[in-house]
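Worksheet: the structure to be examined is printed underneath.
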């Protein structure tokens, strides 16, 4: 039994070494790799928005305002498209206010202006008809008060 295992082992080793010798006689094939490093340039749109931060913020605000105005108009029953149009203008205004460098130095005024613009837009999207200016002014005053309160809570009362 031991002799049979030994002979089988020798046969297997012989096959392995003969295969290895057959492979070693083959010519070596060289592989070459070439790699280049390129830095991808940002798109023209991305470059534009990087240079113009206020425009970027106004665009984002218009998108968010469109959605908020459409929902407000739909819930109030005054028209989803009308609410979306008013919301887009309001959102763009809020984006410009938040992107303004002068108002960045005066956070209380910025918060009041943001609240006023946002509340005016929501009030305009939700109301239609008689007494619209009076209701819009009430909404703007409420928005200014809310903007001031939120700004004070965020900045001053930490």
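The values are calculated or read from the model by the stated rules, or taken from the named source; none is laboratory data. These numbers were taken from a predicted model, which means no experiment stands behind them. Counting neighbours? That spans all protein chains shown, and the Cβs are built from the backbone with ideal geometry, glycine included.
Overview of results
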| quantity | calculated |
| --- | --- |
| Verdict on residue 88 being free of Cβ contacts under 8 Å to residues at least 24 places away in the same chain, within 25 Å of the chain's Cα centre (by Cα) and crowded, with 19+ Cβ neighbours inside 10 Å | no |
| Any hit, segment 54-69, residues being more than 24 Å from the chain's Cα centre (by Cα) and exposed (fewer than 15 other Cβ atoms within 10 Å of the Cβ) | no |
| Count - residues of segment 29-53 that are surrounded by 10 or more Cβ atoms within 10 Å (Cβ to Cβ), modelled with pLDDT of 85 or more and assigned to a loop (DSSP other than H, G, I, E, B) | 1 |
| Unique match (being surrounded by fewer than 16 Cβ atoms within 10 Å (Cβ to Cβ) and either more than 24 Å from the chain's Cα centre (by Cα) or closer than 15 Å to residue 69 by Cα (or both)) among 113, 141 | 141 |
